[in-house]
Amino acid sequence: MIPLLEILSSEKHVSGEEIARKLGVSRAAVHKQIQKLRAAGYGVAGERKRGYMLVSRTDALLAQEIEHYLRLRGCSRYRIVCHPSAASTQTIAKDLANRGEEEGAVVVAEEQTNGYGRLGREWVSGKGGVWFSLLLRPPIEPERIAQITFVASLAVCNALEKNRRLDARIKWPNDILVSGRKLSGILTEISAEVGKCNWVVIGIGINANNDLPRTLCGAATLSSLSGEAVNRPALLADVLAEFGGLYDGFVARGFKDFEKEYNRRSLLPGRFVRVNSADRVYFGTAEKIDGDGYLWLTLRGGARKKVVAGDVTVLKNQAPSPSKE
Ligand code: BT5
């Protein structure tokens, strides 16, 4: 299918005869391959005298399609593996990691039947969304790995802003919101030893053209926000290309370089929040996320607290005035 796509032009017709010659197959075989492309969602116009022309690309998450957009963005660092259906792209990517697969493998699924978020929470991931996991082997100390989630959040925001003009905000540590609703979630899983990171698998879910159950009232899809379907392979390639550039900077220079940009994108500074961390629950006003990726709070009594990890709920858009506490 790929050589045929390369021959088919979106600007002019190519005769069946020419395609057959280039591919070294019969005209009937060309016709069959054209039918296959159409079945995969590509728009191929055919005119008896002039031949075939590519009139639209497919929205299906096919490796060849994602690679097409990655090439347009000058990005060649990834190996894409697509599945029509998977329990979870995370488990497939982790399996690849454990079998020695190199950095840069990306596992993509049209749908997940058992997608999950942090702490084993369910991640709703039916057809029409963008669900993928990226395998990395960063040469960094395990303590810094959580920061990769933040770099990935920035990549998703950049992709949404640059090409789709959406003002995406990050809710530390791993949610991307647009207009206050969760559009994307990121999950980072690792294998590490003392002082050494074996692998990192970053799972990213983006609600694109999928349906969501009514129970997820705090969530949104890109198509519901913009009123039109998004091209998923192009979106996925944008996120991967954005991430590639940021990741190189992160490995070379650390998260400090991203601190300002992360805080600019962050939803939390100035908000009154509840943070459920592993040891206890904190109430306070979020200050900022520091150069290590930790969240700083001013607690109600005025003391400052550094939170390393946790679930954040925004309770008020502003800190409550002292008299009302
Ligand atoms: C996350 O977890 O937000 C990380 C989600 C990561 C999903 C990707 S998809 C590709 C890869 N394969 C996987 O199996 N996972 C990764 P967390 O912060 O724990 O948020 C989970 C909560 O978000 C749930 O408890 C729901 O409240 C909500 N939720 C579930 N599905 C959602 C969806 N599609 N959109 C928005 N919110 C959702």
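Taking the range 74-84 on its own, how many of its residues are open to solvent by 50 Å² or more (accessible area, probe 1.4 Å) and over 13 Å from Gly104 (Cα atoms)?
Number of matching residues: 3.
Yes or no: the range 78-90 includes at least one residue that is among the charged types (D, E, K, R) and more than 25 Å from Ala237 (Cα to Cα).
Looking through the range 78-90, none of the residues is among the charged types (D, E, K, R) and more than 25 Å from Ala237 (Cα to Cα).
Name every residue in the range 1-30 that is open to solvent by 90 Å² or more (accessible area, probe 1.4 Å) and not in a loop (DSSP other than H, G, I, E, B), in order of residue number.
Glu6, Glu17, Arg21, Lys22, Arg27 - these are the residues of the range 1-30 that are open to solvent by 90 Å² or more (accessible area, probe 1.4 Å) and not in a loop (DSSP other than H, G, I, E, B).
Among the numbered criteria (1) open to solvent by 60 Å² or more (accessible area, probe 1.4 Å); (2) in a loop (DSSP other than H, G, I, E, B); (3) more than 30 Å from Asp95 (Cα to Cα), which one does Arg264 miss?
Here Arg264 clears every test but (2).
For Asn209, which of the numbered conditions (1) in contact with a Ser or Thr (Cβ under 6 Å, 6 or more places away or on another chain); (2) closer than 24 Å to Gln112 by Cα; (3) not in a loop (DSSP other than H, G, I, E, B) fails to hold?
(3) is the only condition that Asn209 fails.
Restricting to the range 11-65, name every residue that is over 26 Å from Glu111 (Cβ atoms) and aromatic (Phe, Trp, Tyr).
Tyr52
Which is over 25 Å from Gly180 (Cα atoms) and either in a helix (DSSP H, G or I) or within 21 Å of the chain's Cα centre (by Cα) (or both), of Phe250, Phe243, Phe258?
Selected residue: Phe250, the only one of Phe250, Phe243, Phe258 that is over 25 Å from Gly180 (Cα atoms) and either in a helix (DSSP H, G or I) or within 21 Å of the chain's Cα centre (by Cα) (or both).
Output yes when any residue across the range 65-73 is open to solvent by 50 Å² or more (accessible area, probe 1.4 Å) and in a loop (DSSP other than H, G, I, E, B), and no when none is.
Scanning the range 65-73 turns up at least one residue that is open to solvent by 50 Å² or more (accessible area, probe 1.4 Å) and in a loop (DSSP other than H, G, I, E, B).
What pairs can you find where one residue is in the range 111-122 and without any contact (Cβ under 8 Å) to a residue 12 or more places away in the chain, the other is more than 6 Å from the ligand (Cβ to nearest atom), and their Cβ atoms are less than 9 Å apart, with a gap of 6+ or different chains?
Listed pairs, sorted by first residue: Leu119/Asp311; Glu122/Asn114.
So Leu4 clears everything in (1) touching a residue at least 40 places away in the same chain (Cβ under 8 Å); (2) in contact with a helix residue (DSSP H, G or I) (Cβ under 7 Å, 6 or more places away or on another chain) except one condition, right? Which one?
That leaves (1) as the condition not met.
The values are calculated or read from the model by the stated rules, or taken from the named source; none is laboratory data. Given the structure is predicted, the values throughout are model-derived calculations rather than measurements. We place every Cβ from the backbone using ideal geometry, glycine too, and count neighbours over all the protein chains shown. Just the protein is used for accessible areas: all its heavy atoms, side chains included, with ligands, DNA and RNA removed. Shrake-Rupley method; radii C 1.70, N 1.55, O 1.52, S 1.80 Å.
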